[in-house]
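Trainee: Dropping the structure in here first, questions after.
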Amino acid sequence: MPFPVSFEEARRQLRLESDDASRDDELRGWIEDAAAWVEGYTGHLLTEREVVEHVAGFKPVALTAWPIAATALPALAYLGADGSPIGIANARLDVTRRPARIFPATGLFWPFRNAAQPFTVTITAGYATVDEVPRDMKRAMLILITAYDEDREGGDLFLKAVKAAERLCGRFRLRRL
């Protein structure tokens, strides 16, 4: 899975010698950790993947996954009385704002027995290419990777790096009133 910060970019950020492979595994782990931090903080998926969300029915469904392509087709299903999954067709997807929402098709209703009927939504979400990831998210990853290298105990330098990453990524967080 390609991360927004490549292995080579991370090596350059840390000024590692190109012929020294002794820290490669550690560096790969830091790239994964930095990507996980950015995803957790912003709610944005940095790489495109299939996401399954579990929700309850009879209202517009707000998805936590973001970004979602306008052409994405959600697959919805709920468990029938016998416990087998039953697919739901004709859902509308609204990705004009965050969170993305799924509604029953115009003039239709969700086919549930009760308002709390749980169901699943499966959809492809995340940035389709590395180039689509905002630069500030990439910068935050590079700052965190540097902090992982220079302050392994999680001291003052690491806290400053986290604050810097929060400033860079803050505008991408979902705000709710």
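Trainee: Which members of the stretch 157-167 meet the condition of being among the aliphatic types (A, V, I, L, M) and open to solvent by 40 Å² or more (accessible area, probe 1.4 Å)?
Mentor: Leu157, Leu159 - these are the residues of the stretch 157-167 that are among the aliphatic types (A, V, I, L, M) and open to solvent by 40 Å² or more (accessible area, probe 1.4 Å).
Trainee: Could you tell me which residue of the stretch 147-176 is nearest to Leu63 (Cα to Cα), considering only residues that are touching a residue at least 24 places away in the same chain (Cβ under 8 Å) and among the small types (Gly, Ala, Ser)?
Mentor: Step by step, filter the stretch 147-176, then rank; the result is Ala165.
Trainee: Find all pairs meeting these conditions: Cβ atoms under 6 angstrom apart; at least six residues apart or on different chains; first residue within the stretch 9-34 and in contact (Cβ under 8 Å) with a residue 40 or more places away in the chain; second residue among the aromatic types (Phe, Trp, Tyr) and part of a helix (DSSP H, G or I).
Mentor: These pairs meet every condition: Trp30/Tyr148.
Trainee: How many of the residues in the stretch 50-68 are open to solvent by less than 70 Å² (accessible area, probe 1.4 Å) and either under 29 Å from Ala164 (Cα atoms) or part of a strand (DSSP E or B) (or both)?
Mentor: Of the residues in that region, 11 qualify.
Trainee: Could you list all residues from the stretch 95-128 that are open to solvent by 40 Å² or more (accessible area, probe 1.4 Å), not in a loop (DSSP other than H, G, I, E, B) and not polar (S, T, N, Q)?
Mentor: Correct list: Arg101, Phe103, Pro118.
Trainee: Got a sec? Which of Ala91, Ala72, Ala116, Ala125 is under 16 Å from Val55 (Cα atoms) and in contact (Cβ under 8 Å) with a residue 24 or more places away in the chain?
Mentor: Ala116
Trainee: Further question: In the list Leu108, Leu46, which residue meets the criterion of being of a type outside the set (Gly, Ala, Ser) and farther than 22 Å from Met137 by Cβ?
Mentor: One residue alone meets the criteria, Leu108.
Trainee: Looking only at the stretch 73-89, which residues are closer than 16 Å to Ala105 by Cβ and open to solvent by 50 Å² or more (accessible area, probe 1.4 Å)?
Mentor: Those that are closer than 16 Å to Ala105 by Cβ and open to solvent by 50 Å² or more (accessible area, probe 1.4 Å): Leu73, Ala75, Gly87, Ala89.
Trainee: Could I ask something else about it? Please count how many residues of the stretch 1-19 are more than 14 Å from Arg139 (Cα to Cα), open to solvent by 70 Å² or more (accessible area, probe 1.4 Å) and not hydroxyl-bearing (Ser, Thr, Tyr).
Mentor: 6
Trainee: Next question. Being β-branched (Val, Ile, Thr) and free of Cβ contacts under 8 Å to residues at least 24 places away in the same chain: is that true of Thr106 here?
Mentor: yes
Trainee: A further question on this structure: Find the residue count for the stretch 18-49, including only residues that are part of a loop (DSSP other than H, G, I, E, B) and under 15 Å from the mean Cα position of the chain (by Cα).
Mentor: Summing the residues that are part of a loop (DSSP other than H, G, I, E, B) and under 15 Å from the mean Cα position of the chain (by Cα) in the stretch 18-49 gives 6.
Trainee: Evaluate the stretch 76-85: report whether one residue or more is at pLDDT below 95 and under 16 Å from Met141 (Cβ atoms).
Mentor: No; the residues of the stretch 76-85 include none that is at pLDDT below 95 and under 16 Å from Met141 (Cβ atoms).
Trainee: Here's another thing I want to ask about it. Please determine, by comparing only the residues of the stretch 145-177 that are more than 27 Å from Pro99 (Cα to Cα) and of a type in the set (A, V, I, L, M), which one is nearest to the chain's Cα centre (by Cα).
Mentor: Among residues in the stretch 145-177 that are more than 27 Å from Pro99 (Cα to Cα) and of a type in the set (A, V, I, L, M), the one nearest to the chain's Cα centre (by Cα) is Ile145.
Trainee: Another question, then. Which ones in the stretch 135-156 are open to solvent by 40 Å² or more (accessible area, probe 1.4 Å) and acidic (Asp, Glu)?
Mentor: Glu150, Glu153, Asp156
The values are calculated or read from the model by the stated rules, or taken from the named source; none is laboratory data. Note that the coordinates shown come from a computational prediction; the quantities given were computed from them, not determined experimentally. We place every Cβ from the backbone using ideal geometry, glycine too, and count neighbours over all the protein chains shown. These accessible areas exclude ligands, DNA and RNA; they are computed on the full protein's heavy atoms, side chains included. Shrake-Rupley method; radii C 1.70, N 1.55, O 1.52, S 1.80 Å.
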